[in-house]
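Participant: Before I ask anything, here is the structure I am working with.
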Amino acid sequence: MGGALIRYRAIAYVVGVVLVLLVVVGMPLKYGWDQPIVVETVGPAHGFLYMVYLVACFDLGRRADWPLHRMLLLMLAGTVPFVSFYAERVATRQVRRTAPTGDAGVPPAGAATGSRPGSSGRPDQDIVFSKPERETARTE
């Protein structure tokens, strides 16, 4: 999940910066001084980046096993200036608090990553309990 978190954090930052650029610089230039060049150039890039942001949100939410409403709120955070920065911090904190792995996606030393207690997550090192074989009664 570490890779999904890094991808989400990077695209959330980029989308947030581009949206702030559009709202703080582009909109006043377009409507106040009739200079739409910033909106015409940065706007389509923001649209594409926002689609990438949606995919990153979905990927992170799926890997973190979040409910749909949390994923949707995270996706909507990219539409309001400055909110994507806050949402990125909250999502990062949530993932790091609940994830069994460290920030780099590597389990802490001695941590079990499998679903069973004592499971190493690697089939070649797991303890396998087999059922005792039944003794068949011979009839002579």
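Participant: Anything in the range 20-50 that is of a type in the set (A, V, I, L, M, F, W, C), within 20 Å of the chain's Cα centre (by Cα) and more than 21 Å from ARG62 (Cβ to Cβ)? List them, or say none. Please lay out each step first, then the result.
Facilitator: Narrowing the range 20-50 to residues of a type in the set (A, V, I, L, M, F, W, C): 20-25, 27, 29, 33, 37-39, 42, 45, 48-49.
Within this subset, residues satisfying the condition of being within 20 Å of the chain's Cα centre (by Cα) are 48-49.
The answer is PHE48, and nothing else.
Participant: So ASP59 clears everything in (1) within 23 Å of VAL15 (Cβ to Cβ); (2) at pLDDT below 90 except one condition, right? Which one?
Facilitator: For ASP59, the exception is condition (2).
Participant: Where the second residue is buried (at least 17 other Cβ atoms within 10 Å of the Cβ) and at pLDDT below 95 and the first is within 19 Å of LEU73 (Cβ to Cβ) and aromatic (Phe, Trp, Tyr) and lies in the range 43-62, which pairs have Cβ atoms under 6 Å and are six or more apart or on separate chains?
Facilitator: Taking only residues 6 or more apart or on different chains, the pairs are TYR50/VAL15; TYR50/GLY78; TYR53/ILE11; TYR53/VAL15; TYR53/GLY78.
Participant: Is it the case that VAL42 is among the aliphatic types (A, V, I, L, M), farther than 19 Å from LEU5 by Cβ and modelled with pLDDT of 90 or more? Full working, then the answer.
Facilitator: On the way: among the aliphatic types (A, V, I, L, M): yes; farther than 19 Å from LEU5 by Cβ: yes; modelled with pLDDT of 90 or more: yes.
So VAL42 fits the description; yes.
The values are calculated or read from the model by the stated rules, or taken from the named source; none is laboratory data. All values reported here derive from a predicted model rather than from experimental measurement. Cβ coordinates were reconstructed from backbone atoms using ideal geometry, including for glycine residues, and neighbour counts include every protein chain displayed.
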